[in-house]
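Student: Structure in structure tokens, see below.
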Amino acid sequence: MSPVNGDDRYRSCPSWCQEPAGHLRPEPNGPGGYHTAEIALIDLPERDGIRGDPLELVVRIEQYVTHTTADPPVITLGSSDIDEPDREGLTADETEDLVGALQRAIATLRAGSSGAGFVV
């Protein structure tokens, strides 16, 4: 977290924020709010043995801001509810590491998909 001049935070949003300018007005000693940008909405269908119900997965950039501090922005992956406690916030570097790992997993799965029992 970094300290912030309370007045400066309200004049403008980060360039990536999709909220209207001046949308944050946290009170001293009160709860904060979020700068947000919704990057993607992914509809995941029901899958037998994996997912019982369809799921909306949202990729966002979020930054939590209070009257006196601003957390670093993070990339989140989770449900469409911004207050969902299961969302995980990742830095840009952590997200790049995750993307690389997912790409390797996809390549591994597809490379072995010609054998018996594989359905991709």
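The values are calculated or read from the model by the stated rules, or taken from the named source; none is laboratory data. Computed from a predicted model, the values in this text were never measured in an experiment. A quick note on method: Cβ atoms are made from the backbone with ideal geometry, for glycine too, and the neighbour counts reach across all protein chains shown.
Student: Only one of (1) of a type in the set (Asp, Glu); (2) more than 15 Å from the chain's Cα centre (by Cα); (3) part of a strand (DSSP E or B) is not met by GLU19, so which one is it?
Tutor: (3)
Student: Scan the range 80-87 and give yes if some residue there is under 13 Å from the mean Cα position of the chain (by Cα), surrounded by 18 or more Cβ atoms within 10 Å (Cβ to Cβ) and either at pLDDT below 95 or of a type in the set (D, E, K, R) (or both), otherwise no.
Tutor: Within the range 80-87, not a single residue is under 13 Å from the mean Cα position of the chain (by Cα), surrounded by 18 or more Cβ atoms within 10 Å (Cβ to Cβ) and either at pLDDT below 95 or of a type in the set (D, E, K, R) (or both).
Student: Counting only residues that are among the polar types (S, T, N, Q) and in a helix (DSSP H, G or I), which one in the range 90-114 is farthest from the chain's Cα centre (by Cα)?
Tutor: So, considering only residues that are among the polar types (S, T, N, Q) and in a helix (DSSP H, G or I), the one farthest from the chain's Cα centre (by Cα) is THR108.
Student: Which of the residues belonging to the range 65-79 are assigned to a strand (DSSP E or B), at pLDDT below 90 and closer than 19 Å to ILE39 by Cα?
Tutor: LEU77, GLY78
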